[in-house]
Amino acid sequence: MPENAREFGPLQKLMDDPEISEIMVNGPEYVFIEKHGKRTKTDVKFGSEEEVLKLIQGMYSLRGKRVDKDVPYADVCLEDGTRVNTIISPISRFGIAVTFRKFSKEINSLDDLVKKGTLNQRAADLLVAAVKGKINILFSGGTGVGKTTLLQMLSRYFAGNERVITIEDAAELKLDQENVISLETRTPDRDGKGGISLRDLIRNALRMSPNRIVVGEVRGAEAIDMLQAMAVGHTGTIGIIHGNSARDVIARLETMVLMSGINLPLWEIRKLIASTVNMVVHIEKMKDGVRRVTHITEIRGLDREEIQFNDLFMFETKKVEPDGSIIGELKPAIRYFPLFFQQFQKLGLLSEKIFSNE
């Protein structure tokens, strides 16, 4: 099978190239890659759509998942951290489409992300303090910008005695701690039975004596369960959510809570969010192909039924080189010290110098 024998058929040379971050298969004859942030077509081809499907179904079956006419799209994570998304006909009108998002072997620590320009050392120190101080954090951004990678590097700073529960559609996170339970959703069987949702897993996680809950992607009604977990004392909860900015993420979170069918007025939902989420870390893949943290924003509370934001760090573009490279800096941008700052000082986690522009 592909995952054990490392047989990826025509894709093998692409999988072996450490500089390729994504492989996109648009049917048997069109294979694209992303390399250094740029997407190009390759000369790789399959003999038929059946060949692609057979290769993919082997990968899924090894993980107890399937993709077929009853389940026409699904995610799976391979042992090396590569995430695979497949969607087939008739949902995909032109045939099977497969996306491989490879886990970079060049990134093994937060220091590596600093060296690659994803963030600077002061912002890294703030995020480490936020993890150690067990505030509730959302990581936001578009697809493939590095949210999961940054979270995984920061997970190295979880306390060794913490019991960590990770909850994902496809078990992508690989945490180093010993006391880690990885939960994964399950699609229903052919009779429509046995499906396990993110909501089911979050609710069950609360019964597992967690010190920390990590939700791999919040995208629907499970948002209310995550917020309620934060509200009842599960500090240090971390979630990943798609969004264009910290403000957009909070607006999306409001919508997701409404999707749960909960009977609360909007101001009550905002009050719940403002009292539970402490920080949003926003990441973007910029026009030069570099993935950067562009905002670190505190959720400061509620004022006149509106959520208050306090930007702690913002990326400032200074110039764009002729080759398209972006020169800039992730700079302190605070109007106020964050509400959790005093507690961090007492714990010896953070100095006020971190917010200085000098």
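Key figures
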item: Cα-centre dipole for the chain with unit charges at Cβ (Lys and Arg positive, Asp and Glu negative), debye to 20; result: 520 debye
item: Of Ile213, Ile196, Ile262, the one that fluctuates the most in a GNM where the chain has Cα springs shorter than 10 Å; result: Ile262
item: Selected from Pro332, Pro265, Pro210 as most flexible by GNM, with the chain as the system and alpha-carbon contacts under 10 Å; result: Pro265
item: Karplus-derived 3J(HN,Hα), 6.51/-1.76/1.60, for each residue of the stretch 20-35, Hz, glycine and proline x; result: 8, 9, 9, 10, 10, 9, 9, x, x, 10, 10, 10, 10, 10, 10, 9
item: Low-density loop positions, trypsin sites (Lys or Arg not before Pro), the stretch 88-189 - DSSP coil, at most 11 other Cβ in 10 Å; result: Arg93, Lys105
item: Other-chain or far-sequence residues with amide H under 5 Å of Ile240's (modelled H); result: Phe139, Val215, Glu217, Val218
item: The stretch 1-71 and the stretch 259-331: distance between their alpha carbon centers, rounded to Å; result: 34 Å
item: Candidates per GluC sites (Glu not before Pro) in the stretch 283-328, loop by DSSP, up to 15 other Cβ within 10 Å; result: Glu305
item: Cross-link pairs beyond the 32 Å C-alpha cut-off, checked among Lys35/Lys353; Lys45/Lys65; Lys38/Lys193; Lys38/Lys174; Lys41/Lys285; Lys35/Lys319; result: Lys35/Lys353; Lys38/Lys193
item: Partners for Lys346 among aspartates and glutamates (Cα-Cα distance below 17 Å; same-chain residues under 8 apart left out); result: Asp125
item: Likely footprinting exposure, Asp248, Asp68, fewest C-beta neighbours within 10 Å first; result: Asp68, Asp248
item: DSSP bridge orientation in the chain - percent antiparallel, rounded to nearest 5; result: 70 percent
item: Value of [θ]222 nm, deg cm²/dmol, for the chain, DSSP H segments ≥ 4, -39500 (n - 2.57) each, nearest 500; result: -7500 deg cm²/dmol
item: Förster radius 22 Å - calculated FRET efficiency between Lys41 and Arg186, Cβ distance, rounded to 0.05; result: 0.05
item: Span from the the stretch 87-126 Cα centroid across to the the stretch 158-208 one, whole angstrom; result: 21 Å
item: The chain: most fluctuating residue of Gly216, Gly117, Gly328 per GNM, C-alpha cutoff 10 Å; result: Gly328
item: Glu316 versus Asp80: modelled label distance in nm, points set 7 Å from Cα along the beta carbon direction; result: 4.2 nm
item: Using alpha-carbon coordinates, inclination of helix 49-62 to the longest axis of the chain, degrees; result: 50 degrees
item: Estimated FRET transfer efficiency (Ser109, Gln177; beta-carbon r; R0 22 Å; 0.05); result: 0.90
item: Degrees between helix 222-231 axis and first principal axis of the chain (Cα, 0 to 90, nearest 10); result: 30 degrees
item: Anchor Lys105: aspartates and glutamates whose Cα lies under 16 Å away (excluding residues fewer than 8 positions away in-chain); result: Asp16, Asp17, Glu19, Glu22, Glu34, Glu79, Asp80, Glu172, Asp176
item: Karplus (6.51, -1.76, 1.60) ³J(HN,Hα), θ = phi - 60°, over the stretch 164-175, in Hz, Gly and Pro reported as x; result: 10, 10, 9, 10, 9, 5, 10, 5, 8, 5, 10, 8
item: Förster radius 25 Å - calculated FRET efficiency between Gln12 and Ser89 (Cβ-Cβ, nearest 0.05); result: 0.50
item: Ascending count of other beta-carbon atoms within 10 Å, so fewest first, for Thr187, Thr255, Thr86, Thr40; result: Thr40, Thr255, Thr187, Thr86
item: Helix axis angle, 266-276 relative to the chain longest principal axis, alpha carbon, degrees; result: 80 degrees
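Values quoted throughout were computed directly from the atomic coordinates according to the rules given, and no laboratory measurement underlies them. Note that the coordinates shown come from a computational prediction; the quantities given were computed from them, not determined experimentally. Don't worry about glycine lacking a Cβ; one is built from the backbone with ideal geometry, like all the others, and counts go over all protein chains shown.
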